[in-house]
Amino acid sequence: MNNRILGLILVLCGICFLMLTLALNISGFLFFILLGSSIILNISGVSAIMKFISNEKVTC
């Protein structure tokens, strides 16, 4: 799978989890699960996008 598409999917899923965290007004353990998964998905998505950008700069 292309790193660009994978990175965008991961970032979009992370944003969805962040919106759920803010919209549901939950507290406790579930709040930390949703927020943690949002952070992990966003960081891994950005790293996949950065890997794609670095590969594109090398080939050009």
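Selection over the range 1-19 of residues that are open to solvent by less than 90 Å² (accessible area, probe 1.4 Å) and over 8 Å from the mean Cα position of the chain (by Cα) gives a count of 7.
Each row is one residue, and each column tells you yes or no for (1) assigned to a helix (DSSP H, G or I); (2) surrounded by 13 or more Cβ atoms within 10 Å (Cβ to Cβ); (3) out of contact with any Phe, Trp or Tyr (no Cβ under 7 Å at 6 or more places or on another chain).
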{"site": "Thr21", "(1), (2), (3)": "yes, yes, no"}
{"site": "Phe32", "(1), (2), (3)": "yes, no, yes"}
{"site": "Gly45", "(1), (2), (3)": "yes, yes, yes"}
{"site": "Phe52", "(1), (2), (3)": "yes, yes, yes"}
{"site": "Asn55", "(1), (2), (3)": "yes, no, yes"}
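The values are calculated or read from the model by the stated rules, or taken from the named source; none is laboratory data. Predicted model only: the values in this text are computed from it and were never measured. Neighbour counts run over all protein chains shown; Cβ positions are idealised from the backbone, glycine included. To get the accessible areas, we keep the full protein, side chains included, count just its heavy atoms, and leave off ligands, DNA and RNA. Shrake-Rupley method; radii C 1.70, N 1.55, O 1.52, S 1.80 Å.
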